[in-house]
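Each value in this text was obtained by applying a stated rule to the coordinates, not by laboratory testing. Because the structure is predicted, anything quoted here is derived from the model rather than measured. As a convention, Cβ positions derive from the backbone with ideal geometry for all residues, glycine included, and neighbour counts pool all protein chains shown.
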Amino acid sequence: MSNEVRSHTALHIIKGAIVKVLGEDAKWSTSASAKGLHGRIAVEFNRKPTEEEITEIGIRANEKIQEDAEIEVYEMSRGDAEARWGNLIYDKWPLPDHIQRVKVFHLPGWNVNCCGNEHTERTGTVGSIKITKTRYRKSKGVLEFSYDIED
Ligand SMILES: [Zn+2]
């Protein structure tokens, strides 16, 4: 399994943990990237989180990895995906209208997102996640997490 597949899959796991801890106000991703063993995800949010919340997000993400939960990937029409999960499948950046067939990443009870990238089959393959830096950009209302993947 390549590092990039692991660090990309970690994006979904961290995103799920962010929403579990900070709530639905944090559900819109504004950017996401993973390269090598590193990744970064940003979400819209209305305040700077506490240190305890950030620690909790890291703990929850790693608990989900330790569960070694099965990851589901679907390919379906956009309409069917919307009917099943609503706008949870989307990010802040738009999915162009001409895309009517989508791949969906689904980690039940945790994260669902339109995503065409490759993922690990189970969460345990990711390794462990270490949040290395967070930044809250008040003017933009954007909260950013940087992380490393470790074995
Ligand atoms: Zn993905």
Check your understanding: Using the Karplus equation 6.51 cos²θ - 1.76 cosθ + 1.60 (θ = phi - 60°), what ³J(HN,Hα) coupling, rounded to whole Hz, does each residue of segment 141-151 give in order, writing x for Gly and Pro?
Key -> x, 10, 10, 10, 10, 10, 8, 10, 9, 10, 7
Revision key, fill the gap. Check: in the chain the Lys pairs 8 or more apart or on separate chains whose Cα atoms fall under 13 Å apart number 6
Review point. What list of ³J(HN,Hα) couplings, whole Hz, do you get for segment 34-43 from phi and the Karplus terms 6.51, -1.76, 1.60, once you set θ to phi - 60° and write x for glycine and proline?
Key: 9, 8, x, 9, 10, x, 8, 9, 10, 10
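Remind me, relative contact order of the chain in percent, using alpha carbon pairs under 8 angstrom and six or more residues apart? Write out the running numbers ahead of the final one.
Numbers: 297 pairs, mean separation 47.9, N = 151.
Relative CO of the chain lands at 32 percent.
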Check your understanding: Loop-only check: which trypsin sites (Lys or Arg not before Pro) in segment 66-98 are DSSP coil with at most 15 other Cβ within 10 angstrom?
Key -> 92
**Study point:** Fraction in percent of alpha-carbon pairs per bin - 10 Å, the chain
**Key:** 11, 43, 36, 10, 0
Study note, to complete from the structure: Here, residue 135 and residue 51, labelled 7 Å along Cα→Cβ, have an inter-label distance in nm of 2.1
